[in-house]
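Read the structure below first, then the notes.
Where a number appears in this text, it was derived from the coordinates with a stated rule and is not lab data. Note that the structure is predicted; figures quoted are calculated from it, not measured. FYI the Cβ positions are ideal-geometry reconstructions off the backbone, even for glycines, and counts take in every protein chain you see.
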Protein chains: 2
Amino acid sequence: MAESGSVGPGGERLLYLTDEQLRKGIEAMFFAYRGFTSDPDRILSDQGYGRAHHRAMHFINRSPGITVNDLLNTLGVTKQSLNRVLRTMIADGLVESRVGCGDRRKRNLYLTERGMALEADLSFVQRARMRAAYRRAGPEAVAGFRTVLEAMMDPEVLVRYNAMKAKG
Amino acid sequence: MAESGSVGPGGERLLYLTDEQLRKGIEAMFFAYRGFTSDPDRILSDQGYGRAHHRAMHFINRSPGITVNDLLNTLGVTKQSLNRVLRTMIADGLVESRVGCGDRRKRNLYLTERGMALEADLSFVQRARMRAAYRRAGPEAVAGFRTVLEAMMDPEVLVRYNAMKAKG
DNA sequence: ATATTATGTCAGTCTTGTTGACATTCCAAG
DNA sequence: CTTGGAATGTCAACAAGACTGACATAATAT
């Protein structure tokens with residue numbers, strides 16, 4: 001399974017990556033991402049929500065009091081798109097939107113009790129799959145997994161990702 | 001970066017995975033997948049196509065002559081959904097649909113010259129990102145990356161994934 | 001002859017992305 | 001102090017792409 005590697009003139013590691021290896025990696029991302037989202041998706045559709053609601057809840061849970069602007073930059077969607085899912089979740093009592101103390105244009109977002117409960121359900125099944133995969137793969141594989149994913153992000157996104165909470 | 005591991009009574013490896021580590025992995029998947037799709041998405045939207053067209057072209061390219069049924073099972077979408085994108089690509093001369101030789105109910109799908117050219121463009125930018133990530137991460141990380149992704153797939157999907165071409 | 005399978009089509013709905021227009025709030029330059 | 005612009009958030013309309021359900025056609029299997 002280990003790819004062939006050697007050391008180049010600059011001392012950097014060189015990998016001889018065939019198109020086939022790369023395409024296989026592309027397919028692995030596609031199929032794995034489907035598995036990754038499938039368990040929360042089932043719960044969500046029962047409740048009349050979608051993946052967009054899950055993502056919003058995840059990041060509000062991670063950063064309670066986050067502003068709308070910060071959240072839409074994190075999610076990489078337009079404010080209008082985010083606003084739709086926020087509106088329904090606020091109406092349903094999953095999310096609370098408080099006017100900012102310093103700057104009253106801003107809205108600080110929080111999960112309500114009910115919001116936290118649903119987020120916990122979604123997170124539970126998703127973490128369960130992740131945990132199972134990590135256990136089967138082993139610690140070295142997990143480290144490599146994270147390293148490659150981080151190398152695949154856009155640089156600005158990587159900064160945001162690293163800024164988020166303590167490193168796992 | 002390496003997680004703490006130890007050996008349990010059955011000899012299996014045990015990982016002590018905190019919720020924080022797992023959530024960080026979830027976020028890594030989310031952000032990395034965005035990067036993973038962003039380059040082809042740009043090309044596609046210029047041409048009036050979407051991610052769905054890319055996925056179909058990818059798998060038709062991988063398995064020339066694949067039937068509609070096999071393709072929709074691979075993609076995990078309904079035939080109506082697949083049919084919409086196939087219809088436009090056939091109309092635009094990117095995909096050819098030939099009546100099956102043995103079983104004339106079946107349609108075998110092929111990329112045309114133009115289809116191959118577009119697929120090559122899309123694949124090129126996606127492979128470039130994957131290659132860069134692999135190079136930066138190194139061979140051991142790549143092996144771990146693939147191992148975890150495979151462990152995250154649904155079992156039936158993993159079978160399909162393994163059946164596809166030679167292993168990278 | 002009949003049932004089943006493979007495919008394609010039409011119609012309608014839902015989620016979630018988009019742009020455009022607009023209201024509110026804040027801040028800074030006159 | 002006022003006024004103009006920037007930042008922020010909301011509403012409306014639209015498009016892509018997923019879904020279900022119903023139905024038609026052709027070929028194969030029983």
**Request:** Under 13 Å from the Cβ of B:Thr112, count the other residues' Cβ atoms, weight Lys and Arg +1, Asp and Glu -1, and hand me the total.
**Result:** -2
**Item:** Neighbourhood net charge (12 Å Cβ-Cβ; Lys/Arg +1, Asp/Glu -1) for A:Ser81
**Value:** +4
**Request:** Would you mind checking the tilt of helix A:139-152 against the longest principal axis of the Cα atoms of chain A, expressed as 0 to 90 degrees and rounded to 10?
**Result:** 70 degrees
**Prompt:** Which residue is it, in chain B, that holds its beta carbon closest to the axis of the B-onto-A rotation, and how many whole angstrom away?
**Reply:** B:Gly144, 1
**Message:** Just to confirm the numbers: A:Val125, label point 7 angstrom along the Cα-Cβ line, distances to the other copies in nm, shortest first?
**Reply:** 3.4
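Which of the three applies to segment A:38-168, rounded, prolate or oblate, going by the alpha-carbon gyration tensor with a ≥ b ≥ c and a/c under 1.5 meaning rounded?
Details: a/c = 2.18, a/b = 1.39, b/c = 1.57.
It comes out oblate by the Cα gyration axes.
What average count of beta carbons from other chains do you get within 10 Å of the Cβ of residues in A:34-41?
Whole-number average of other-chain Cβ neighbours for A:34-41 is 4.
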**Message:** Need one value for A:54-61: mean number of C-beta atoms belonging to other chains within 10 Å of its residues' C-beta atoms.
**Reply:** 1
**Prompt:** What gaps in nm, shortest first, separate A:Asn162 from its twins in the other copies when you place the label 7 Å past Cα toward the beta carbon?
**Reply:** 3.8
**Prompt:** How far is helix B:51-62 tilted, in degrees, relative to the longest principal axis of the Cα atoms in chain B, given as a value from 0 to 90 rounded to the nearest 10?
**Reply:** 90 degrees
**Asked** In terms of the Cα gyration tensor, with a ≥ b ≥ c the square roots of its eigenvalues, is segment B:116-168 rounded because a/c is under 1.5, prolate because a/b exceeds b/c, or oblate?
**Response** oblate
**Fill in**
Given Cβ charges of +1 for Lys and Arg and -1 for Asp and Glu, the option among A:Thr74, B:Met164, B:Thr147 whose Cα lies farthest towards the positive end of the dipole of the protein assembly as shown is A:Thr74
**Asked** When each copy gets a label point 7 Å from Cα toward the beta-carbon at B:Gly93, what are the spacings between them in nm, shortest first?
**Response** 6.1
**Asked** Taking a ≥ b ≥ c as the square roots of the eigenvalues of the Cα gyration tensor of the protein assembly as shown, is the shape rounded (a/c under 1.5), prolate (a/b larger than b/c) or oblate?
**Response** oblate
**Request:** Ignore the peptide's own chain and count Cβ atoms of other chains within 10 Å of each Cβ in B:152-161; give me the average, rounded.
**Result:** 5
**Request:** Taking the Cβ of B:Val99 as the centre, find all other residues whose Cβ is under 13 Å away and add up their charges (Lys, Arg: +1; Asp, Glu: -1).
**Result:** +3
**Prompt:** At 222 nm, what helix-only mean residue ellipticity would chain B give, in deg cm²/dmol to the nearest 500, using -39500 (n - 2.57) for each DSSP H run of four or more?
**Reply:** -21500 deg cm²/dmol
**Message:** To test your reading of the geometry: what angle, between 0 and 90 degrees and rounded to tens, separates the Cα axis of helix A:113-137 from the longest principal axis of chain A?
**Reply:** 10 degrees
